[in-house]
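Below: the structure, in structure tokens.
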Amino acid sequence: MAESFELADIPPPVPEKDEAALESSSALRSRVMARENDGKLHSERMHEVKLQSQRYDVSLYRKLTVSFILWLLMLVINMSGSFSCTGDSLASCYPQYTLRIQVINESGRKTLHSIQSGLEVLSYFSKSVTSAEESMGDRLASMLDNYLHSGPAPSDEPTPEPIPEEPIPEEPQPEEQSEEQSEEEGEEEEEEHTHLGGLDNAPRDLSWIMDMMSTATHWLSGTNHSEVTDTFSPRSSFWFNFHGFCRYDHERFSKSCESAPGMDVFSSVVRDLGIQFAVHANNEDPETASKRMVRIYQRMVDNLNDRYDKLLQDDNKAGEYNMKSYKDVRSLRNARYFSEFSMVVVSIGLWVSIIVTVVCGHLLMSYSSELNYFQWFQRHMNLVTKSLVVLTLGYFLMELPTFLGDMYSYVKLRKLFTKLAIADFNIGLGFCFTLTNVFLGAVQLLIQLRMLQRHVKL
């Protein structure tokens, strides 16, 4: 009984496969492997067909050729924008803006005189230590703020009727006065106009104020720079580009260029005047002196903009100021911000155009070279073209705001110079180059998208 139980627990032996089963299994495995090989072979054949279709697509080759030529043109335009109108450039200057000093009327002459006198004051104080730049900029901002403080309008205050007064008999006075008495009276009269120490009771003519300060600096420095500078001469023209500016003398046919944020027109003019002042004063480092002068000017502009923002929040106090003229200060600050932005965009755009031009050149070489390096671009043209689309889109989205900002700045600055009546402000050839870049960027984007949709197989 026990033996039968133990035998029942033992599993039956596994039957051995016969030869027919082994042959059937081997045949099945062979058919599966043959199908896999056929699939791979079919995939390879399809890949080769697509590759040959892509390689011999005449329309695709033409679009690549056109794209490569356009990128070469855009590269040249970007290089002209980056290296034109700079101090170390051997190429011609293709400016975005041009400015020609042109005094139209007496008001313009006074305004120009005020600007030049004020910049001469900047030049004198720029010789001080660097730590005094901020305080000097703040002082100049306070002076201009006081000038724009016009006080309540005469029509806002009722004018009382004059009360008739009885005539007061005149007392006999000596016919002659001593010189000391006359000088004391003159000092008292002068104190009546200046006892506040500011400009509230001084004449409201900014040209008078600037001329007074300029005369003081001439007396302190012993020189008069206005007679030797060409910045505000009618024979001078300024050309402004992204990374620099030039001053051209129409009588001497000479050109002087400097590397600077050239789209900041006002800072560039201050820099040019500072260099001339420093050279005339035999300064050992004109570059440093001019940069310090620009920093004082920019500090003054920033201070005035802070004051303007505070006035916008206080309507009662704003009513005491000439807010329309105060608003023009905002254009000076915006010009500097746009100049810094455009310099970065143009530099990035230059590198993008270099990269895309090289990639397009490799795609063209894949049609004529059998090297594996170039054939990789042919076998992965879909991936490469998508990368080109991304780079071109980024390039277009950078160039478009630059052009719009360029156009907006031109409109604002032309309106400002027309109101001041001191210069003729126009667009230059570089402005047309920027417009061309935006247009060609849109064309490139369209060409590459059509290549992806219709021609690129791999």
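The values are calculated or read from the model by the stated rules, or taken from the named source; none is laboratory data. As the structure is a computational prediction, the values presented were derived from the model and not from experiment. A quick note on method: Cβ atoms are made from the backbone with ideal geometry, for glycine too, and the neighbour counts reach across all protein chains shown. Areas reflect the complete protein model, heavy atoms only, side chains present, ligands, DNA and RNA absent. Shrake-Rupley method; radii C 1.70, N 1.55, O 1.52, S 1.80 Å.
Highest mean first, the peptides 273-286, 75-88 sorted by other C-beta atoms within 10 Å per residue fall in the order 75-88, 273-286.
Expressed as a whole percent, the accessible area of the range 279-348 that falls on carbon and sulfur atoms is 47 (1.4 Å probe).
The Kirkwood hydrodynamic radius of the range 330-451, based on inverse pair distances between different Cα atoms, is 16.8 Å. Averaged over its residues, the range 331-395 has an accessible area of 47 Å² per residue, based on protein heavy atoms and a 1.4 Å probe. Can you run phi through the Karplus equation (6.51, -1.76, 1.60; θ = phi - 60°) for the range 398-414 and list ³J(HN,Hα) in whole Hz, with x for Gly and Pro? Taking θ as phi minus 60°, the curve returns 8, 6, 5, x, 5, 5, 5, x, 4, 5, 5, 4, 4, 4, 5, 6, 5 Hz for the range 398-414. Each peptide among 98-106, 239-247 gets the average number of other Cβ atoms lying within 10 Å of its residues, and from highest to lowest they stand as 239-247, 98-106.
Ordering of 392-399, 46-53 by packing is 392-399, 46-53, highest average first (other Cβ atoms within 10 Å, averaged per residue). Extension gain, Leu393 to His47, is 121.6 nm, computed as 0.36 nm per intervening residue step minus the present C-alpha separation.
In sequence order, the range 135-145 has phi-based couplings of 5, 5, x, 5, 5, 5, 5, 5, 5, 5, 5 Hz under the Karplus curve 6.51 cos²θ - 1.76 cosθ + 1.60, θ = phi - 60°, and Gly or Pro positions carry x. Amide H contacts of Tyr97: Phe240, Gly428, each under 5 Å away and 5 or more positions distant or on a separate chain (H built 1.01 Å from N in the peptide plane; Pro and chain starts excluded). Checked against a 22 Å cut-off, the cross-linked pairs Lys324/Lys412; Lys291/Lys327; Lys110/Lys419; Lys110/Lys291; Lys110/Lys317 give Cα-Cα distances beyond that limit for Lys291/Lys327; Lys110/Lys291; Lys110/Lys317. For the range 333-340, 3J(HN,Hα) computed residue by residue from phi via the Karplus equation (6.51, -1.76, 1.60; θ = phi - 60°) reads 6, 4, 4, 5, 4, 5, 5, 5 Hz, glycine and proline entered as x.
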